[in-house]
Structure formats: structure tokens, C-alpha cells
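Student: Please find one structure pasted underneath; my questions will follow.
FYI, it's all coordinate maths here, none of it is from the lab. All of these numbers come straight from a predicted model, not from anything done at the bench. Here Cβ is always computed from backbone atoms with ideal geometry, including for glycine, and neighbour counts include all displayed protein chains.
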Amino acid sequence: MSDDASKSKVELSEAQWREKLGADRYRVLRQAGTERAFTGAYWDTKTPGVYRCGGCGIELFSSQSKFDSGCGWPSFTIPIAEGRVLERADDSLGMRRIETVCANCEGHLGHVFPDGPKPTGLRYCINSLSLELEPTED
Ligand code: FE
């Protein structure tokens, strides 16, 4: 898969997405579902590497910006590059939150909250199912 975000965006039918992703990833990435806290593959992961989009494979986050938020989901202070993660207002559940989606495939990633550590003060709270860790080789 390419990590070149300038390439044409991924556009599949819902049936194609369901077949490509499987039920669990489909529910999160295409239906804005949320995995239960402390159950995902990466909430406690400290392995160095790059987190790619679980839907389309572009690079979204580096392990260097991952921090232990204690919230039960993988948390990052900043995306790996500008323009990779888009933000949308989300007024579901009776509150204003900022949803984060992959800029390449528009897959739902999670939300971003203004309670993170320095340098950004942001917490990108991301479902493990929306990510695929590519460990650094050494
Ligand atoms: Fe994507």
C-alpha cells in the first residue's frame, strides 16, 4: 500500500469496505463505532513504529507521539504529517466532540480532545481497530 497521501483518495462501496475490513473494523472505521476501553490491540503498546490507517494503509501516527493517557485507547499528541487526519464536529451523545477521520479514506479514527500533554496539548484518542502498527526494523 502507498503512504503517499497525494494519490487519489480511496473510494469503495459499503459492501466492498465490509468485505475488505471485516466486521469489527467495518463497525469502527465505516460506522463510527468505538471499541471498548482497554480492549484494543494498541492501548498499552510501546513498540516503536508507525501506525497506519486500518482502512487504507497511509501513515497516520508515529509511536514517538504516543503517550500513556490512561484512557484505554491509543493516544497521540499529533498526527505524523499535516493533512493526514481531518477533524469534524460530532454532536452525538449530547455533547460537542471533535471526530477524527483519515484524510485518505475518510475512515473514522476516534476523537481529539484538548487535554493532552505538551507540546500540542492535544489528545488524539484513536481506536486500535482504526490502526495497524508497522514496527520499526532495527
Ligand atoms: Fe485511511
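Student: From the list Tyr42, Tyr26, which one is in a helix (DSSP H, G or I) and of a type in the set (Phe, Trp, Tyr)? Walk me through how you get there before you give the answer.
Tutor: Values: Tyr42 fails: in a helix (DSSP H, G or I).
Answer to the check: Tyr26.
Student: What number of residues within the stretch 40-80 satisfy the criterion of being away from the ligand (no atom under 16 Å from the Cβ), surrounded by fewer than 19 Cβ atoms within 10 Å (Cβ to Cβ) and touching a residue at least 60 places away in the same chain (Cβ under 8 Å)?
Tutor: Looking only at that region, the number is 5.
Student: Applying the selection to the stretch 81-126, what residues are within 16 Å of the ligand (Cβ to nearest atom) and in contact with a Pro (Cβ under 8 Å, 6 or more places away or on another chain)?
Tutor: Val85, Tyr124, Ile126
Student: Right, another one. Tell me which residues, restricted to the stretch 30-54, are more than 14 Å from Cys125 (Cα to Cα) and touching a His at 6+ places or on another chain (Cβ under 9 Å).
Tutor: Arg30, Gln31
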